[in-house]
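Trainee: I have a structure here, written as structure tokens, and I will follow up with some questions on it.
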Amino acid sequence: MLALRLHGKSDLRLEDIPSPSAPKGGLLVKVRACAICGSDLRNIKAGGSSHGMTLPRVLGHEAAGEIVEVSDGVEGFNMGDRVLLSVTVPCGKCYYCLRGLTNLCDHKTALSYQYDGSFAEYVAVPEQLVRTGGVIPIPESVSFEQASIVEPLSCVLNGQELSNTGLNDVVAIVGAGPVGIAHAMIARVLGASKIIMAEISQERLEMAGKIKVVDRVVNSGKEDFVKAVMEETRGHGADVVIVAAPSGEAQVQALSAVRKRGRVNFFGGLPKDRSTITIDSNIIHYKELFVHGTSDSTVVHMKKVLSLIENKKIDTGLLITRTFPITQYKEAFDLASSGRALKVIINP
Ligand SMILES: [Zn+2]
Ligand SMILES: [Zn+2]
């Protein structure tokens, strides 16, 4: 089968490798759509990841497909079932898993890190993913492409649940990449009345402006983000500020852009070697701020997003830029990293 395997720094190869079969207690899925994630781009550049990725590795973890093999004894799944795959393979037994916080599992592994991923014609789904509910049926009216972007949206939903985004909130988002746009869409669904988006790339800002999911775009290279938020909120600040860009400076600014008692979400991680920032902690103290992070999501979030898509509460068409066959992977990855696209999907 054709598969995109990472061998080292900037060394992603399209290879013909033996097709896997369903592992004991698991499934074999024919991949029909797998979206490119920002983390794929970072892992290709770095030649791996700090999250225990071993090489060579088939990448791709935002995947949907069709079950073509069911291992003996696996119940509840049939050949031909259309399914969406979770990325995270939680242990199901640790302190956090037992509290339903599988995204924070102490022993978690993941597809495309410790197991081969889905930029391939077939993906072997491990028993552990089946047992922990990570194989989710796709409703008939939802396409494979739509299902493949559930994962990033579900991470965004987890973040906004933690930020408690609600009715009439003003939400300010830093970063107009696919994740920033997904934040705007989810914030709207949750009842936000005004969405402000800041971004340094004019190209990305124009894209955000065009799809009309935000009320005000701010070019943070030219305009003062905090000042713009104050203008839009009669000087109070936003109810929620989400930093969806790898910028320490933006994290510091977020504390000034949020209102008193507001919520600040450090949604995006910072580069490993630049993850220390200096803040005036008195701002948090006197403004009674809630500052938190977000990492990953659970199958509960994925199911909620799938239902939002099924019920047409999220227009996935705005988020999906283009689908490529696996043989055109170079073009697909170039487009995904160009800043001129939102979600780019590989169809193996
Ligand atoms: Zn992802
Ligand atoms: Zn666990």
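Trainee: Would you compute, from DSSP H runs of 4+ residues alone, the mean residue ellipticity of the chain at 222 nm, taking -39500 (n - 2.57) per run and dividing by the full residue count, rounded to the nearest 500?
Mentor: -8000 deg cm²/dmol
Trainee: Further question: Taking each full run of DSSP H in the chain as one helix, which ones are at least 18 Å long along their axis (Cα atoms) and have mean Kyte-Doolittle hydropathy of at least -1.0?
Mentor: Sorted by number, the helices that extend far enough and score high enough are 150-163.
Trainee: Here is a further query. Taking the solvent-accessible surface of protein heavy atoms with a 1.4 Å probe, what is the per residue accessible area of region 24-124 in Å²?
Mentor: That works out to 43 Å² for each residue.
Trainee: Okay, moving on. Of the heavy-atom accessible surface of region 170-219 (probe 1.4 angstrom), what whole percent is carbon and sulfur?
Mentor: 57
Trainee: For region 101-119 and region 271-295, compute the distance between their C-alpha centroids and round to whole Å.
Mentor: One Cα centre to the other: 27 Å.
Trainee: Using only the Cα atoms of the chain, build the gyration tensor, take square roots of its eigenvalues as a ≥ b ≥ c, and label the shape rounded, prolate or oblate: rounded if a/c is under 1.5, else prolate if a/b is larger than b/c, else oblate.
Mentor: Since a/c reaches 1.5 and a/b is larger than b/c, the shape of the chain is classed as prolate.
Trainee: Let me ask you something else. What residues have an amide H closer than 5 Å to that of residue 323, excluding those fewer than 5 places away on the same chain, when H is modeled at 1.01 Å from N in the peptide plane?
Mentor: 345
Trainee: Using a Förster distance of 25 angstrom, determine the FRET efficiency expected from the C-beta separation of residue 261 and residue 227, and round it to 0.05.
Mentor: With R0 = 25 Å, the Cβ-Cβ based efficiency is 0.75.
Trainee: Could you list the GluC sites (Glu not before Pro) in region 41-116 that lie in coil according to DSSP, counting only those with at most 15 other Cβ atoms within 10 Å of their Cβ?
Mentor: Here the GluC sites (Glu not before Pro) that fit, given the DSSP loop and packing criteria, are 75.
Trainee: Using a Gaussian network model of the chain whose springs link C-alpha atoms within less than 10 Å, name the residue from 91, 37, 155 with the highest mean-square fluctuation.
Mentor: Taking springs between Cα atoms under 10 Å, the residue moving most is 91.
Trainee: Per residue of region 61-71, what does 6.51 cos²θ - 1.76 cosθ + 1.60 with θ = phi - 60° give for ³J(HN,Hα)? Whole Hz please, x for Gly and Pro, Karplus curve as stated.
Mentor: Per-residue couplings from phi come out as 9, 9, 10, 9, x, 10, 6, 10, 8, 10, 5 Hz.
Trainee: Something else now. Which far-off residues, 5 or more places away or on another chain, put their amide H under 5 Å from the one on residue 267, with H placed in the peptide plane?
Mentor: Here the answer is 243, since their amide H atoms fall under 5 Å of that of residue 267.
Trainee: Which of the lysines could a cross-linker bridge to residue 313, judged by Cα under 26 Å and excluding same-chain residues fewer than eight apart?
Mentor: Partners found: 194, 210, 212, 303, 304, 343.
Trainee: Moving on to the next point. Under 10 Å, Cα contacts only: if you run a Gaussian network model on the chain, which one of 142, 217, 171 comes out with the highest mean-square fluctuation?
Mentor: Looking only at 142, 217, 171, the largest GNM fluctuation is found for 142.
Trainee: While we're on this one: With the Cα gyration tensor of region 156-293 giving a ≥ b ≥ c as the square roots of its eigenvalues, does the rule (a/c under 1.5 for rounded; else a/b larger than b/c for prolate; else oblate) give rounded, prolate or oblate?
Mentor: It comes out rounded by the Cα gyration axes.
Trainee: Quick check for you: with a 1.4 Å probe and neighbouring chains kept, what is the accessible area per residue of region 256-305, in Å²?
Mentor: Per residue, region 256-305 has an accessible area of 61 Å².
Trainee: Here's a follow-up. Gaussian network model of the chain, Cα springs within a sub-10 Å range: biggest mean-square fluctuation belongs to which of 216, 42, 234?
Mentor: Maximum fluctuation in the GNM of the chain, among the listed residues, is at 234.
Trainee: Among DSSP bridges having both ends in the chain, what percentage is antiparallel? Round to the nearest 5.
Mentor: Here the share of antiparallel DSSP bridges comes out near 55 percent.
Trainee: Another question, if that's okay. Would you give the gap between the C-alpha center of region 157-223 and the C-alpha center of region 296-348, rounded to a whole Å?
Mentor: Using only Cα atoms, the two centres lie 18 Å from each other.
Trainee: With the dipole of region 20-86 worked out from charges on the C-beta (+1 for Lys and Arg, -1 for Asp and Glu) around the Cα centre, which of 65, 54, 26 lies farthest toward the positive end?
Mentor: Toward the positive end, the furthest listed residue is 54.
Trainee: Here's a follow-up. About the Cα centre of region 156-293, what is the dipole size in debye to 20, counting +1 per Lys and Arg Cβ and -1 per Asp and Glu Cβ, all else neutral?
Mentor: 200
Trainee: Across region 216-224, in residue order, what do the Karplus-derived ³J(HN,Hα) couplings come to in whole Hz, using 6.51 cos²θ - 1.76 cosθ + 1.60 with θ = phi - 60° and x for Gly and Pro?
Mentor: 9, 9, 10, 7, 6, x, 10, 10, 7
Trainee: First check a/c for region 55-209, with a ≥ b ≥ c the square roots of the eigenvalues of its C-alpha gyration tensor; if it is under 1.5, answer rounded, and if not, answer prolate when a/b is larger than b/c or oblate otherwise.
Mentor: Verdict is prolate for region 55-209.
The values are calculated or read from the model by the stated rules, or taken from the named source; none is laboratory data. All of these numbers come straight from a predicted model, not from anything done at the bench. No Cβ is skipped: glycine too gets one built from the backbone with ideal geometry, and neighbour counts run over all protein chains shown. Areas reflect the complete protein model, heavy atoms only, side chains present, ligands, DNA and RNA absent. Shrake-Rupley method; radii C 1.70, N 1.55, O 1.52, S 1.80 Å.
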